[in-house]
Amino acid sequence: MSDPAALAGSDRGEAAWEALFDGLPVAVVAVDRHGGVVAWNQGAVGLIGSSRRLARGQPVAAAMGLDFDVGAAVARVVAEGTVYLRRDARLLLGPDHERGVAVRIGPVAAAAEGSAAAVLLIDDEGSFQREVERTRQAGRLEALGTMAATLAHEVRNPLGAIRGAAQILATVCDDSDGREGIAVILREADRLARLVEQVLGVARAGATVVRPVNIHRVLDRVVELLVLERPIDPLAVVAREYDPSLPEVVGSEDRLVQLFYNLAKNGLEASPAGIPVVFRTRLSPVRVRRGKEGARRLSVAVIDRGAGLTEAARESLFTPFFTTKEGGTGLGLALCARIVEEHDGEIEVRPQRGGGTRVEVWLPLV
């Protein structure tokens with residue numbers, strides 16, 4: 001069998017190197033003893049978003065955009081013959097966009113000049129963590145579905161009877177205090193009915209028709225709704241930073257409008273008055289690691305300039321009935337998680353550089 005390190009050192013052997021490593025579910029980058037990129041596999045193309053030809057020959061630090069001195073780490077690995085591991089590295093993919101990754105660097109024995117002297121394995125730790133959270137969220141929603149069915153039966157029907165009786169009383173009551181009390185009963189009955197419907201909306205998957213959807217049309221509909229609710233300059237509501245070349249996604253336009261409306265409304269409520277939230281779209285350079293390997297996604301980031309969230313709050317944010325807002329039900333973001341789940345997507349919340357919060361949603365392309 002040919003030496004993989006030698007294969008990676010020539011144009012003739014590049015196809016053979018790709019055949020060896022392209023099937024791996026992690027990014028693999030081969031570098032020479034000086035830290036120059038010799039080759040990388042399809043996993044690296046997907047994760048980093050740069051072609052093999054453009055990367056080849058570049059210093060590994062410049063080609064990859066990692067947040068630590070990769071060149072120095074490679075030099076130490078080559079010189080000492082040891083393995084380097086960094087679990088908390090950040091991959092800087094562009095303005096305001098980074099990914100958490102784990103980086104392992106190992107030496108290649110008896111590497112010839114110009115061939116691979118070290119190999120880097122880069123694993124998208126964030127994708128793994130989101131998959132774990134996705135599994136947890138599915139369990140929460142399953143439990144909520146059981147509770148919601150009981151709630152609908154035990155609460156909704158008696159609530160309708162209470163409201164009907166109160167309406168009858170209102171027609172015969174002449175006392176002003178009595179009428180005021182009846183109004184309170186009706187108002188609270190309506191509030192509880194809405195709460196029951198919200199719980200049911202989170203617990204059950206939407207019976208929706210899916211078709212190719214233009215994500216910018218979805219976001220523009222959200223902006224229209226938000227502007228109608230707020231008699232202020234539209235530019236103070238949402239700043240749109242769109243990639244006009246994005247392909248369509250497969251989904252329900254109405255459900256996606258509901259998703260991004262909830263996220264944007266939360267962002268506006270968290271931000272100072274007059275400061276818009278940002279809708280930022282782009283083609284994600286990160287592969288989907290479940291389902292179809294190599295499938296591409298688009299990303300929609302909803303960015304606010306609020307006070308931000310604590311780590312504990314971020315971990316519980318999509319848990320039904322958890323809320324950081326006074327008077328909130330804790331169901332809006334749980335519903336967002338349900339809609340993302342329906343679309344086979346992912347959602348992540350993290351602090352935004354310079355203050356605020358960034359909620360990013362990934363959706364598979366058509």
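Rule-based calculations on the coordinates, nothing more; no lab input. As the structure is a computational prediction, the values presented were derived from the model and not from experiment. Every residue, glycine as well, gets a Cβ built from its backbone with ideal geometry; the counts of neighbours run over all protein chains shown.
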Karplus couplings for segment 254-270 from phi (6.51 cos²θ - 1.76 cosθ + 1.60, θ = phi - 60°), rounded to Hz, Gly and Pro as x? 5, 5, 5, 4, 4, 4, 6, 5, 4, 5, 5, 4, 4, x, 5, 5, 7
Listed by chain and number, the residues whose amide H is under 5 Å from that of residue 298, excluding neighbours fewer than 5 places away on the same chain and using placed H, are 284, 363, 365
Of 357, 281, 82, how do they rank once you tally other Cβ atoms within 10 Å and put the fewest first? 82, 281, 357
Arrange the following residues from fewest to most other Cβ atoms within 10 Å of their Cβ: 216, 34. 34, 216
